[in-house]
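Comments concern the structure below.
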Amino acid sequence: MLARDIMVNQVYKVKESDTVRSVIEKFIDYKISGLPIVNDRNEIVGFISDGDVLRYIGKHDDHIIDSIYYAVVIKGDDEDFDQRLQSLLHLNVMKIAKKKVVKVAWDEKIEVIAALLGKKQIKKVPVEKNGILAGIISRGDVIRNSFKELI
């Protein structure tokens, strides 16, 4: 079984020029947790997940750098939680997205995809055909398609 056999063809995505607000709206409207980011040619240029959003809005601890000559405190958060939520909505999606995207080819074998999702500890992976976004595969897609003949 190959990626093209199990991938979801209707892929929700955002453009590299979009704000995080459009990402959050899609997360809520479609009950999803990650989106590929594409350029005008539909090439994958990034990926944003709920984890990226959580890392931004979560509490950031202060760090103290101490040496013999000086001590520096790097403040973790200048904004409170509600302010971080508001400021995040206006950011360009590429500010918090992963730019080094784990992706698979359209003709990749399902066992390679299963290993990749497990090893990288990611929930989904975009599928490319000739450098263009063609689909997306989640952990659930791999499990459902792997076991449907056995159960």
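The values are calculated or read from the model by the stated rules, or taken from the named source; none is laboratory data. As the structure is a prediction and not an experimental result, all values here were calculated from the model. When we count neighbours, we look across all protein chains shown, and the Cβ atoms used for this are built from the backbone with ideal geometry, even at glycine. Just so you know, the surface numbers come from the protein's heavy atoms only, side chains and all, with ligands and any DNA or RNA stripped out. Shrake-Rupley method; radii C 1.70, N 1.55, O 1.52, S 1.80 Å.
Of note:
- Going through (1) modelled with pLDDT of 95 or more; (2) out of contact with any strand residue (DSSP E or B) (no Cβ under 9 Å at 6 or more places or on another chain) one by one, Gln121 falls short only on (1).
- Selection of first residues in region 128-151 that are open to solvent by 30 Å² or more (accessible area, probe 1.4 Å) and of second residues that are assigned to a helix (DSSP H, G or I) and among the acidic types (Asp, Glu), restricted to Cβ pairs under 6 Å at least 6 apart or on distinct chains, gives an empty result.
- Residues within region 117-127 that are assigned to a loop (DSSP other than H, G, I, E, B) and open to solvent by 50 Å² or more (accessible area, probe 1.4 Å), tallied: 2
- Wholly enclosed helices (runs of 4 or more DSSP H) of region 1-112 bearing at least 3 residues closer than 17 Å to Lys129 by Cβ and modelled with pLDDT of 95 or more: 3-6
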